[in-house]
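The values are calculated or read from the model by the stated rules, or taken from the named source; none is laboratory data. Since we're looking at a predicted model, the values are computed, not measured. Because the Cβ atoms are built from the backbone with ideal geometry, glycine has one as well, and the counts that use them run over all protein chains shown. Side chains are part of the model used for accessible areas, which takes the heavy atoms of the whole protein and leaves out ligands, DNA and RNA. Shrake-Rupley method; radii C 1.70, N 1.55, O 1.52, S 1.80 Å.
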Amino acid sequence: MADATRGGVGAPAAHDSAALHVSGEAVYVDDIPEPAGCLHVYPCPSREAHARLVRLDLAAVRAAPGVACALSAADIPGENDTSPTGTGDDPCLADGTIHFLGQPLFAVAAETIEQARAAAARAVVETEPLEPVLTVEQAMAAGSFVQDPHTMRRGDAGRALAAAPRRLSGRMEIGGQDHFYLEGQVSLAIPAEGGGMFVHCSTQHPSEAQHAVAKVLGRPDNAVTVETRRMGGAFGGKESQAAQWAALAALAADRTGRAAKLRLDRDDDMTMTGKRHDFVAEYDVGFGADGRILGLSMSLAARCGFSADLSGAIVDRAMFHADNCYHLPDVEIVGHRCRTNTVSNTAFRGFGGPQGMLAIERVVEEIARDLGLDPLEVRRRNLYDPPGGGSGRDVTHYGMKVEDNIAGALMEELARSARYAERRAGIDAFNAASPVLKRGIALTPVKFGISFTTTFLNQAGALVHIYKDGSVHLNHGGTEMGQGLYVKVAQAVAEEFQIDIDRIAVSAANTGKVPNTSPTAASSGSDMNGMAALAAARTLKERLARFAAARFGVAPSEVAFRANRVRAGEAELSFAELARLAWLGRVQLSATGFYRTPRLGYDREKAWGRPFFYFAYGAAVSEVAIDTLTGESKVLAVDILHDVGRSLNPAIDLGQIEGGFVQGMGWLTSEELRWDGDGRLMTHAPSTYKIPACGDRPERFRMAIWPRGENAEETIHRSKAVGEPPLILAISVLHAISDAVSSLSGGRLAARLDAPATPERILAAVEAMRARAGAAAGRRAAE
């Protein structure tokens, strides 16, 4: 008899769909067999960034071969809106005004997608051009915002800046990023009896897709069921923006009474869907001779696109994370949400946090170069206090006490294991002897807040069944996008019942099983859905324990669940046998579970409180080489030490750490989004948009989970979130490149390198650094 279960908490269990992924058997929305007569929907994009829609004649479109229907805004029976926060500014189809180049004007449903595309070209579209606002600078000058500016402040930043012994100011442009999920936006809508609609949707937020479809159709939510078994990647791009495509597919299905599928191809997907927000950060910092920040004024302006989408919360999170791991005594941070005639930007892994952290890391680098110090030393001097530090430097600029700070301990352990000091000396020697190739190194930390900052989203539900053969069916509101959420939650349930994980089947997220779910986002999927599933499992376990106690004449406390078996006093039987006996005894073997994240309370009007349950920490050392003649760069080595608390599944967590880092590296080095002067996205395909490839992974990539990790808060088995924080570790790559450029000045001048650090930007920074270094040398000689 085995004395341990297989695949419980802490085991490096394989992803539940791993074999299906590598064999090609995993079923995604586009793989679902299409019902007979299924139509294919094409949303026809606008060709202008800003215009008044004067005339839209679809008569020729409707008469085209194979067309079942052509739908404009006038054909929507409900509300023409799919906005995620109820702002009413996200029309499903353009109505009166065109807001960005690529906005859907109408939708065509035909027997084939080729027929739908051909028919769309027959439309008569007359417009009156309007002047577009395309950039952050233009929006700021025009006062064009999707929401009012918001300020977080502590103390008197102006007074602190005026009194500081040293002071610097600067500006940084931070580029956006396309999600580039392998599976694009896709939905399959199937009409149901009584006016119902069943939608298979590739979405992180089935409930939001459900609500949007119902709203567009003019039906109650209970008329629509949305199901999501898995996504081929999402990264935030399917949190709010899957709803529009689900609604268009459902609209066509409702109009024709036939199933309808909408699948965007790569070019249309990149043109029609939002991205990571690009930011312009401006800063004015006062500091002492020791490098400690004394006062900071910072502006974070994001290009939001034509509508609000999730920009309010995204810019808020950028502001929350504008401290990273550093105490800011007197500070004022202003967030601007700029409205532009570009596609509405949306959630992306990190949700604004990476942009805010990148800004403060630039500030730290500026201080270090000005003082002639290693940036790592300035980082150390500005850290929040560790627990029990006693100096009062443990409260954020928004009023949350940092109770679990391990950033300093992680950094020191990583600096030792990665031999940072020795490598720094070696790099300095290399650069002194190498006129063309230069190397750089940087160690940067991460402190990332875990929870939705929109408090009501911090809730989750689950449904667990035990069948009479002892097998278990698990359902919850979380969605699987490759990140391993399903296997982690299954491990928690297996651990609770003390059964092997292969006895648990996880079914697709379905709004008919668990209602009113929150999106799988904010790195909280395991935290919330795991706790909800655990609550359901514990309810069932208690029922079984009470039944076993009564059956065998013992106290419930004498019933123990151990390795697929249950002991009740002297009696022992298998879990399956107990399940069958309980069924025969008419014990309910189905239970729901619910979880709401505790200890949250934030007053946005006062910009003060506790928006996060806890913080996740990490640190990375990156070493790079650059070619000063071409601007090309290469990441040579990466060392990562990351805190995941008590890992639910170390194999999954290490995969998240590696994948997140590489995705962050792409954001900061190669993934450049470019628009022309008419608002047309020029980088809309793999041929023009460069994500990291296998060859970009550094040859030496060492990563480790911090062995002393444990969440001080009562999370699922004291684990910590791991979805978003690892991406931010890649800031070390940008700063290593900056360090290499700075070596041209002997390390005395900051490179001021914008992101992404493409070869063109690196080469421009190299030339600027040589000119600045020469001017500085000339001034010193004159003195």
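Structural remarks
- Residue satisfying condition, being in contact with a helix residue (DSSP H, G or I) (Cβ under 6 Å, 6 or more places away or on another chain) and part of a loop (DSSP other than H, G, I, E, B), within set Glu131, Glu79, Glu183: Glu79
- Qualifying residue in the stretch 383-396 (condition: among the acidic types (Asp, Glu) and open to solvent by 40 Å² or more (accessible area, probe 1.4 Å)): no
- Residue within the stretch 189-209 that is in contact with a Gly (Cβ under 9 Å, 6 or more places away or on another chain), within 15 Å of Ser518 (Cα to Cα) and open to solvent by 10 Å² or more (accessible area, probe 1.4 Å) present: no
- The one condition in (1) in contact (Cβ under 8 Å) with a residue 40 or more places away in the chain; (2) open to solvent by less than 50 Å² (accessible area, probe 1.4 Å) that Glu137 fails to fulfil: (2)
- Remark: Tyr28 falls outside the filter, which requires a residue to be touching a Lys or Arg at 6+ places or on another chain (Cβ under 6 Å) and either at pLDDT 95 or above or closer than 29 Å to Asp267 by Cβ (or both).
Residue by residue, here is whether (1) within 30 Å of Thr669 (Cβ to Cβ); (2) among the hydrophobic types (A, V, I, L, M, F, W, C) holds:
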residue	(1), (2)
His200	no, no
Pro206	no, no
Leu217	no, yes
Met231	yes, yes
Gln241	yes, no
Ala252	no, yes
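For every residue, the table says whether it meets (1) under 30 Å from Arg599 (Cα atoms); (2) surrounded by 22 or more Cβ atoms within 10 Å (Cβ to Cβ).
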residue	(1), (2)
Val363	no, yes
Pro375	no, yes
Arg380	yes, no
Leu410	yes, yes
Arg419	no, no
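- Counting only strands (runs of 3 or more DSSP E) that fall entirely inside the stretch 535-621 and contain at least 1 residues that are crowded, with 16+ Cβ neighbours inside 10 Å and more than 23 Å from the chain's Cα centre (by Cα), the qualifying elements are 559-562, 565-568, 571-574, 590-596, 608-610.
- One residue alone among Val472, Val446, Val402 is in contact with a Gly (Cβ under 8 Å, 6 or more places away or on another chain), open to solvent by less than 30 Å² (accessible area, probe 1.4 Å), over 22 Å from Gln204 (Cβ atoms) and β-branched (Val, Ile, Thr), and that residue is Val446.
- Single residue of the stretch 21-37 satisfying the filter (β-branched (Val, Ile, Thr) and open to solvent by less than 50 Å² (accessible area, probe 1.4 Å)) that is nearest to the chain's Cα centre (by Cα): Val29
- Some residue of the stretch 724-743 being open to solvent by 10 Å² or more (accessible area, probe 1.4 Å), under 25 Å from Ile652 (Cβ atoms) and either in contact with a strand residue (DSSP E or B) (Cβ under 7 Å, 6 or more places away or on another chain) or of a type in the set (Lys, Arg) (or both): yes
- Set Ala13, Ala18, Ala59: member being open to solvent by 30 Å² or more (accessible area, probe 1.4 Å) and closer than 30 Å to Thr479 by Cα: Ala18
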